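Single-structure report; data block below.
The values are calculated or read from the model by the stated rules, or taken from the named source; none is laboratory data. Fair warning: this is a prediction, and the values are worked out from it, not measured in the lab. All Cβ positions, even for glycine, are placed from backbone atoms using ideal geometry, and neighbour counts span all protein chains on display. Ligands, DNA and RNA are excluded from the accessible area calculation, which covers all protein heavy atoms including side chains. Shrake-Rupley method; radii C 1.70, N 1.55, O 1.52, S 1.80 Å.
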There are 2 protein chains.
Amino acid sequence: MMKNLPHKTIERLSQYRRALLICLEKGQTHIYSHEIAKIQHITAVQVRRDLMLIGYTGTLRKGYNVKDLIDLIGNIIDSTEGINVAILGMGNLGRALINYFAGKRSQLKIVAGFDINPDKIGNTMSGVPCFSSEDMNRIIREKNIKVGIMTVPAEFATSTAEQLVKAGIRGILNYTPKPVTVPDSVYLEEYDMITSLEKVAFFVKINED
Amino acid sequence: MMKNLPHKTIERLSQYRRALLICLEKGQTHIYSHEIAKIQHITAVQVRRDLMLIGYTGTLRKGYNVKDLIDLIGNIIDSTEGINVAILGMGNLGRALINYFAGKRSQLKIVAGFDINPDKIGNTMSGVPCFSSEDMNRIIREKNIKVGIMTVPAEFATSTAEQLVKAGIRGILNYTPKPVTVPDSVYLEEYDMITSLEKVAFFVKINED
DNA sequence: GCGGTTTTGTTAATAATTTCACATTTTCTG
DNA sequence: CAGAAAATGTGAAATTATTAACAAAACCGC
Ligand SMILES: NC(=O)c1ccc[n+]([C@@H]2O[C@H](COP(=O)([O-])OP(=O)(O)OC[C@H]3O[C@@H](n4cnc5c(N)ncnc54)[C@H](O)[C@@H]3O)[C@@H](O)[C@H]2O)c1
Ligand SMILES: NC(=O)c1ccc[n+]([C@@H]2O[C@H](COP(=O)([O-])OP(=O)(O)OC[C@H]3O[C@@H](n4cnc5c(N)ncnc54)[C@H](O)[C@@H]3O)[C@@H](O)[C@H]2O)c1
C-alpha cells in the first residue's frame with residue numbers, strides 16, 4: 001500500500017510534515033494548500049495533488065486539519081515499529097548530525113555510533129554510545145539497526161559500506177563524497193554538499209546576465 | 001550560453017567532475033560512459049546525453065578524455081573569476097563544512113564566517129575568519145561575497161536570510177530546517193538531512209514486503 | 001436566501017526527464 | 001580484409017512530474 005508514490009512526493013511529504021509541526025506548535029489548527037505551498041516554494045496545486053495521492057481530504061473553505069495531516073503523513077512514511085539508525089564515523093559531521101537529530105523524530109532513533117578512534121570508543125555523545133567499528137556486525141544485529149548514515153573519511157567509504165551490507169543493513173545515507181556500491185536490496189541515498197554549493201554557484205553565475 | 005541546461009544535468013555534471021577528479025588522480029586518462037554511469041548509479045545513456053548537452057564529444061572506442069572533460073565541466077559550471085562564499089553560524093555544522101570545503105574547489109572560496117557568539121568572533125577556523133553578524137552587510141560587500149551557507153539555529157533563519165538579501169547576496173544554501181523566503185533575484189537551495197533520512201527509512205519500510 | 005468569493009479535488013494538458021533503439025564508427029580477431 | 005564487438009551520438013518514444021482549468025462545495029455579506 002502506498003508503494004508507488006512518486007519519489008518527489010515522498011520528499012515533499014516529509015517537508016510538509018516539518019512545516020506542519022511548526023504550525024501545530026504555534027497552535028494553528030487548519031492550513032490551506034496555498035499556505036503550505038508558500039512555505040515550500042511550490043504551487044498550491046502540487047500540494048493538493050500530493051495530498052490527493054495519499055488520500056487525504058481537507059475541508060472546503062477551511063483547508064486541512066494540521067494534526068490529522070501530520071498523523072496521516074506519519075502513517076504513510078513512518079514505519080510502525082520505528083527504525084533504528086547508526087552513525088558511521090563520529091567526527092565533526094557525525095556529531096553534528098547526532099546533535100541535530102536528537103529527539104527530533106520518535107520513529108527514527110540513532111541508537112549507535114561507530115568509530116575507529118580509541119578515544120571515542122566507549123564514550124557517549126548526546127546519549128548515543130560509540131562502539132568500535134570492529135563490532136559493527138554484532139551491534140547492528142543486536143540493536144536491530146536498519147539504516148546507516150556514513151560520515152567516515154572518504155577513503156573508508158567503500159569498506160564501511162561493505163561492512164554495513166554484510167551486517168544486514170537495509171538503507172544507507174552516504175554523506176561521504178565517495179560514491180559507494182551496494183546490492184539492490186539496500187536502498188542508497190547519496191548527498192554531497194559540494195554539489196549543492198556548485199549548483200547554487202552555477203545559477204548565481206547565469207543570473208548575472 | 002548553456003543557460004538552459006536541465007537542473008538535473010547541472011547536478012550530475014558536478015558529480016561527474018567529482019568522480020573524474022578521482023580518476024585523474026589515479027592516472028586514468030580515458031573513461032567510458034558506462035564507467036561514469038556505474039559510479040553514479042545511473043545509466044550510460046544518461047551520461048552520454050548530459051555530455052551531448054554540453055557539447056562534449058568523446059572518442060569512439062576510447063571513451064572520454066578525463067582531463068578535457070573536467071576542464072569543460074569547469075568551463076560550464078564554474079564562473080571565471082571564482083565565487084566567494086560565507087558561512088552563517090560557526091557552530092557544529094558550520095565548522096564541519098569549512099573543514100570539508102577547505103581547498104576542495106578553487107572556484108568556490110569560503111572567505112568569511114559570521115556568528116553572534118563573542119567567543120568566536122575574531123577567531124580564525126581552518127583559515128576562515130569569523131566576523132560579527134552585525135558587520136554582515138559591510139563584510140559581504142567588501143569581500144564581494146556572492147553566496148551564503150546558512151547554518152544558524154532555526155529560529156534565526158528568517159532574520160539571517162533577510163540580512164543576507166539586504167547585503168546583496170545572490171545565492172543562499174539553507175541547511176536550517178526552517179524554510180526561508182527570498183526575492184526571485186536570489187537563488188535559493190534548501191536541504192534538510194531529516195528529509196533524506198526519512199526518505200531512506202520509507203524505502204526501507206516498503207522494501208520489507 | 002442570493003450572488004460573489006474562496007477553496008478543494010480532479011481530469012486533462014503540458015513540460016521535463018529518462019530510456020529505447022539504432023545508425024555510425026572504431027577496434028580487434030582470425 | 002571481413003566480420004564481430006564495443007562504443008558514441010541522437011531522434012523518437014516512454015515515463016514521470018508539474019501545471020492549467022474548472023466543477024463543486026462552503027462561507028460571507030447583505
Ligand atoms: N564536514 C562536512 O561538512 C562534510 C560535508 C560533507 C561531507 N563530509 C564528509 O563526511 C565525512 C566526515 O567528515 P568529518 O568532517 O566529520 O570528518 P572527521 O575527520 O571529523 O570525522 C571522521 C570520523 O570517522 C572516524 N573513522 C575513520 N575511519 C573510520 C572507520 N573505518 N570506521 C568508523 N569510523 C572511522 C574518524 O575517527 C573520525 O572520528 C568525510 O568523508 C567528509 O568528506 C563532510
Ligand atoms: N547539525 C546538523 O547535522 C544539522 C543538520 C542539518 C541542519 N542543521 C541545522 O543547522 C543549524 C546549525 O546546526 P549546528 O549543529 O551547527 O548548531 P550550533 O548550535 O552548533 O551552531 C549554531 C551557531 O550559530 C550561531 N548563531 C546563532 N545566532 C546567530 C545569528 N543570528 N547569526 C550568526 N550566527 C548565529 C551560534 O552562536 C552557533 O555558533 C541548525 O539550524 C540546525 O538545525 C544541523
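Tabulated results
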{"quantity": "Filtered GluC sites (Glu not before Pro), segment A:110-209: DSSP coil and at most 15 other beta carbons within 10 Å", "calculated": "A:Glu208"}
{"quantity": "Whole-percent carbon and sulfur share, accessible surface of the protein assembly as shown, 1.4 Å", "calculated": "51"}
{"quantity": "Karplus 3J(HN,Hα) series, Hz, for segment B:158-175 with 6.51 cos²θ - 1.76 cosθ + 1.60 (x for Gly, Pro)", "calculated": "4, 5, 5, 4, 4, 4, 4, 4, 4, 7, x, 5, 10, x, 10, 10, 9, 9"}
{"quantity": "Formal net charge of residues neighbouring B:Glu189 (Cβ-Cβ distance under 12 Å; K, R +1; D, E -1)", "calculated": "-3"}
{"quantity": "For B:Ala44, label point 7 Å along C-beta direction: distances to other copies, nm", "calculated": "5.0"}
{"quantity": "Antiparallel %, DSSP beta bridges [both residues in the protein assembly as shown], to 5", "calculated": "20"}
{"quantity": "Ratio of the Cα radius of gyration of the protein assembly as shown to 2.2 N^0.38 Å, where N counts its residues", "calculated": "1.00"}
{"quantity": "Amide N of segment A:71-97 lying under 20 Å from the label point, which is placed 7 angstrom from the Cα of A:Lys143 along Cα→Cβ", "calculated": "A:79-97"}
{"quantity": "Within chain A, percent of DSSP bridges classed antiparallel, to nearest 5", "calculated": "20"}
{"quantity": "Cross-link partners of B:Lys67 among lysines (Cα-Cα below 16 Å; sequence separation of 8 or more within a chain)", "calculated": "B:Lys26"}
{"quantity": "For B:Lys8, inter-copy label distances in nm, listed shortest first [label point 7 Å out on the Cα-Cβ vector]", "calculated": "0.9"}
{"quantity": "Isotropically averaged projected area of segment A:54-209, using the convex hull of Cα atoms (one quarter of hull area), nm²", "calculated": "13.5"}
{"quantity": "Pairs beyond 25 Å (Cα-Cα), from A:Lys8/B:Lys38; A:Lys178/B:Lys178; A:Lys104/B:Lys166", "calculated": "A:Lys178/B:Lys178; A:Lys104/B:Lys166"}
{"quantity": "For segment B:161-196 and segment A:55-116, distance of Cα centres in Å", "calculated": "22"}
{"quantity": "Positive-end residue, segment B:1-122 charge dipole about Cα centroid, Cβ charges, pick of B:Tyr16, B:Thr80, B:Gly103", "calculated": "B:Tyr16"}
{"quantity": "Whole-number D in µm² s⁻¹ for segment B:20-111, Kirkwood Cα-pair radius fed into Stokes-Einstein, 20 °C, 1.002 mPa s", "calculated": "141"}
{"quantity": "Under 21 Å from B:Lys3, Cα to Cα: lysines that are on another chain or at least 8 residues apart", "calculated": "A:Lys199, A:Lys205, B:Lys146"}
{"quantity": "Test item: Cα-centred dipole of the protein assembly as shown, Lys/Arg +1 and Asp/Glu -1 on Cβ, debye", "calculated": "640"}
{"quantity": "Interface burial for B against A (accessible surface, 1.4 Å probe, total of both chains, Å², rounded to 100)", "calculated": "6500"}
{"quantity": "Table column - 3J(HN,Hα) (Hz), segment B:3-18, Karplus curve with 6.51, -1.76, 1.60, x for Gly and Pro", "calculated": "6, 10, 5, x, 3, 5, 5, 4, 4, 5, 4, 4, 6, 4, 4, 4"}
{"quantity": "Sites excluded, trypsin sites (Lys or Arg not before Pro) in DSSP loops with at most 10 other C-beta within 10 Å, longest stretch of chain B", "calculated": "B:62-209"}
{"quantity": "Per-copy distances of the B:Ser126 label point, shortest first, in nm (7 angstrom along Cα→Cβ)", "calculated": "1.8"}
{"quantity": "Test item: Cα-centred dipole of segment A:83-194, Lys/Arg +1 and Asp/Glu -1 on Cβ, debye", "calculated": "480"}
{"quantity": "Charge context of B:Asn84, other residues only, Cβ under 9 angstrom, K/R +1, D/E -1", "calculated": "+3"}
{"quantity": "The protein assembly as shown - accessible surface per residue (Å², probe 1.4 Å)", "calculated": "48"}
{"quantity": "Cut-off under 5 Å, modelled amide H: who pairs with B:Ile149 long-range", "calculated": "B:Ala86, B:Ile87, B:Leu88, B:Leu173"}
{"quantity": "Value at 222 nm in deg cm²/dmol, rounded to 500, when DSSP H runs of n ≥ 4 in the protein assembly as shown each add -39,500 (n - 2.57)", "calculated": "-13500 deg cm²/dmol"}
{"quantity": "DSSP bridge pairs, segment B:83-194: antiparallel proportion in percent, nearest 5", "calculated": "10"}
{"quantity": "Axis-proximal residue, chain A, for the rotation superposing A on B (Cβ, Å)", "calculated": "A:Ala96, 3"}
